[in-house]
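Asks: Before I ask anything, let me first share the structure, which is written out below as structure tokens.
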Amino acid sequence: MAILHTVNKSPFERDALESCLKHALAGSSVLLFEDGVAAAVDGTAYADQIKGAMENVSLFVLGEDLKARGLGEHKLIDGITVVDYKGFVELAAKNDSVQSWL
Amino acid sequence: MKFSILINEGPYQHQASDTAYKFIEAALEAGHEIFRVFFYHDGVNNSTRYTVPPQDDRNIQVRWSELAEKHDMDLVVCIAAAQRRGILDENEAKRQGKDGDNIAPGFRISGLGQLIEAGIQADRLVTFGD
Amino acid sequence: MSDVKKFLYVNRKQPYGTIYALESLEVVLIGAAFEQDVSLAFVDDGVYQLTKGQDPSGIGMKNFSPTYTALGDYDINKIYVEKESLEARGLTIDDLQHLTWEDEDEDWAEKDSIRVVSASEMAEIMDQQDVVLSF
């Protein structure tokens, strides 16, 4: 099945992202939103891990949460797709189920 | 597509109820159906009508009540979590011998079975929490 | 009658420090009545929920850990505990409660409910679920 995994906490605060990436199978999608968007920025301590993960899973980030935190799209890891709430809904609908990593 | 939404956190303290609200708005706009919104843990605190947030900020409880009315949406507050945190409707207040109730319009208090049913009946269950 | 769905309850937090462990267990027990295909996953700090010998009297809280032993009676016997999470925390299966269920198809033979699985096995289990509840 194709799962949409969601991560809403910062990797600097919580191990949710790390755990998510350890359990997301190839072909699944991961959406970063709320404080989780911190992981989408290039050059962080987690960037290499995320780039590695992106060889198997599709990474998405919620644009509105980036904007809220003053993080410009130019700062993002290459290949991460920015979505809006409409896109969040589409991801949830397109994948077979949603698993939230809190 | 039918969505059920689980909200685990209270208003303002966490972004959960804000994100859930925006998700629901977008889902409705895309023509999807919201089967139920279930409030658990501190999420039950979304349903008190006694909040007085600053005038220039969003009123989370009113927003939920308006959503419920406009779309006939089922907003369910878990009775066990509500009891722990002091959210009562008129019946519960009487039953528990309390001197008042505080639940906002559009919310109803019910059991955890409603959450399981929400998972069974919907095509997708999305959780918003901490 | 609805189709039976695969429900997974994911537990990643310690008991007592927050209410998620207790309140998620309450969902599991109520949910048992709905006869779905239920599994529980204990990952990361969630593994602490199953330790034996919990005594929260000193912190003024109620010990709800005995409730886990009732899960077998509710036909909840797929309890997955992640090996890497245990090891990272210096724990082994011997630190956990011995949870069992009785298999009526095998003359009520008592069997272990806890299955220690690797992270990659856990990933496969998660991938198969229809509904995932996270707390």
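No value in this document is a laboratory result; all are computed from the given coordinates. Note that the coordinates shown come from a computational prediction; the quantities given were computed from them, not determined experimentally. Please note: Cβ atoms are built from the backbone with ideal geometry, for glycine as well, and neighbour counts cover all protein chains shown.
Asks: Give me P(r) over segment A:22-68, computed from all C-alpha to C-alpha distances, binned every 10 Å, as integer percentages.
Replies: 28, 55, 17, 0
Asks: Would you mind giving the three semi-axes, in whole Å and largest first, of the ellipsoid equivalent to chain A according to its Cα gyration tensor?
Replies: So the three semi-axes of chain A are 18, 16, 12 Å.
Asks: Mean separation of Cα pairs under 8 Å and 6+ residues apart, divided by the residue count of chain B: what relative contact order is that in percent?
Replies: Numbers: 244 pairs, mean separation 48.0, N = 130.
Normalised by residue count, the contact order of chain B is 37 percent.
Asks: Against the longest principal axis of chain B, how steep is helix B:16-29, in degrees 0 to 90 to the nearest 10, with axes from Cα atoms?
Replies: Long axis of B:16-29 versus the principal axis of chain B: about 50 degrees.
Asks: Same structure again: What does DSSP give for segment A:3-101 in terms of the percent of beta bridges that are antiparallel, rounded to the nearest 5? Don't skip to the answer; put the middle values down first.
Replies: Numbers: 1 of 17 bridges.
Roughly 5 percent of the beta bridges in segment A:3-101 run antiparallel, per DSSP.
Asks: Post the alpha-carbon centroid distance, segment B:73-130 to segment B:17-52, in whole angstrom.
Replies: After rounding, the separation between the Cα centres reads 12 Å.
Asks: Still on this structure, please answer the following. For the protein assembly as shown, list log₁₀ I(q)/I(0) at each q in 0.07 Å⁻¹, using the Debye formula over Cα point scatterers of equal strength and ignoring solvent, two decimals each.
Replies: Debye output, listed in q order: -0.31.
Asks: Can you give the net charge of the other residues whose Cβ lies under 14 Å from the Cβ of B:Gln121, counting K and R as +1 and D and E as -1? Kindly include the intermediate steps, with their values, before the conclusion.
Replies: On the way: positive: B:Lys2, B:Arg36, B:Arg124, C:Lys5; negative: B:Glu33, B:Asp74, B:Glu117, B:Asp123, C:Asp3, C:Asp130.
Combined, the nearby Lys, Arg, Asp and Glu give -2.
Asks: For segment C:6-134, take the convex hull of the Cα atoms, compute a quarter of its surface area, and give me that in nm², please.
Replies: Values: hull surface 31.7 nm².
Mean orientational projected area (segment C:6-134, Cα hull): 7.9 nm².
Asks: If you don't mind, another one. For peptide A:83-92, what's the mean number of Cβ atoms from other chains within 10 Å of each residue's Cβ? Display every interim value, and only then the final one.
Replies: Working: counts 0, 2, 10, 7, 1, 6, 14, 3, 0, 10.
Mean inter-chain Cβ contacts per residue within 10 Å come to 5.
Asks: Using a Debye calculation, one point per C-alpha and no hydration shell, please list log10 I(q)/I(0) for segment C:64-119 at q = 0.18, 0.23, 0.30 Å⁻¹ in order.
Replies: Once normalised to I(0) and log-transformed, intensities are -0.64, -0.92, -1.18.
Asks: Among rounded, prolate and oblate, which fits segment C:1-73 when a ≥ b ≥ c are the square roots of the eigenvalues of its C-alpha gyration tensor, a/c under 1.5 means rounded, and a/b larger than b/c means prolate? Walk me through the intermediate numbers first.
Replies: On the way: a/c = 2.51, a/b = 1.95, b/c = 1.28.
It is prolate, given that a/c is not under 1.5 and a/b is the larger ratio.
Asks: Follow-up. So which trypsin sites (Lys or Arg not before Pro) in segment B:86-130 are both in a DSSP loop and have at most 13 other Cβ atoms within 10 Å of their Cβ? It would help to have the intermediate numbers written out before the result.
Replies: Details: sites: B:Lys94, B:Arg95, B:Lys98, B:Arg108, B:Arg124; in loops: B:Lys98.
Those satisfying the criteria are B:Lys98.
Asks: Taking a quarter of the surface of the Cα convex hull of segment B:56-130, what do you get in nm²? Write down the numbers at each step before the final one.
Replies: Values: hull surface 27.1 nm².
With every direction weighted equally, the projected area is 6.8 nm².
Asks: For chain B, what does the convex hull of the Cα positions come to per residue, in cubic angstrom? Display every interim value, and only then the final one.
Replies: Working: hull volume 13.0 nm³, N = 130.
Spread over its residues, the Cα hull of chain B gives 100 Å³ apiece.
Asks: Just the number, please: percent antiparallel of the DSSP beta bridges in segment C:73-135, rounded to the nearest 5. Please report the intermediate quantities before stating the final value.
Replies: Numbers: 4 of 8 bridges.
Roughly 50 percent of the DSSP beta bridges within segment C:73-135 come out antiparallel.
Asks: Sticking with this structure for a sec: C:Ile76: net charge of surrounding residues, Cβ under 14 Å, Lys/Arg +1, Asp/Glu -1, itself excluded?
Replies: Numbers: positive: C:Lys6, C:Lys78, C:Lys111, C:Arg115; negative: C:Glu26, C:Glu35, C:Asp37, C:Asp73, C:Asp75, C:Glu102, C:Asp103, C:Asp112.
Neighbour charge sum, excluding C:Ile76 itself: -4.
Asks: Which net charge results for the neighbourhood of C:Gln97, defined as the other residues with beta-carbon distances under 13 angstrom from its beta-carbon, given Lys and Arg at +1 and Asp and Glu at -1?
Replies: Working: positive: C:Lys52; negative: C:Asp94, C:Asp95, C:Asp112.
Local net charge: -2.
Asks: Rounded to the nearest 500, what is the protein assembly as shown's calculated 222 nm mean residue ellipticity when only DSSP H runs of at least 4 contribute -39500 (n - 2.57) each, over all residues? Before the final figure, lay out each step's value.
Replies: On the way: 12 runs with 107 residues, N = 367.
Taking each H run of at least 4 residues, the total per residue is -8000 deg cm²/dmol.
Asks: Calculate how many DSSP beta bridges within the protein assembly as shown are antiparallel, expressed in % of all such bridges and rounded to the nearest 5. Write down the numbers at each step before the final one.
Replies: Working: 7 of 58 bridges.
Restricted to the protein assembly as shown, the bridges split so that about 10 percent are antiparallel.
Asks: Which entries of C:Lys13/C:Lys83; C:Lys6/C:Lys52; C:Lys52/C:Lys111; A:Lys51/A:Lys75; B:Lys22/C:Lys5 show an alpha-carbon separation above 22 angstrom in the structure shown?
Replies: Numbers: C:Lys13/C:Lys83 16 Å; C:Lys6/C:Lys52 28 Å; C:Lys52/C:Lys111 18 Å; A:Lys51/A:Lys75 14 Å; B:Lys22/C:Lys5 28 Å.
Going by Cα-Cα distance, C:Lys6/C:Lys52; B:Lys22/C:Lys5 fall outside the 22 Å limit.
Asks: To continue, here is another question. Whats the longest run of chain B with zero chymotrypsin sites (Phe, Trp or Tyr not before Pro) that are DSSP loop and have at most 16 other Cβ atoms within 10 Å?
Replies: Working: sites that count: B:Tyr12, B:Tyr50.
With chymotrypsin sites (Phe, Trp or Tyr not before Pro) excluded where exposed in loops, chain B gives B:51-130 as its longest stretch.
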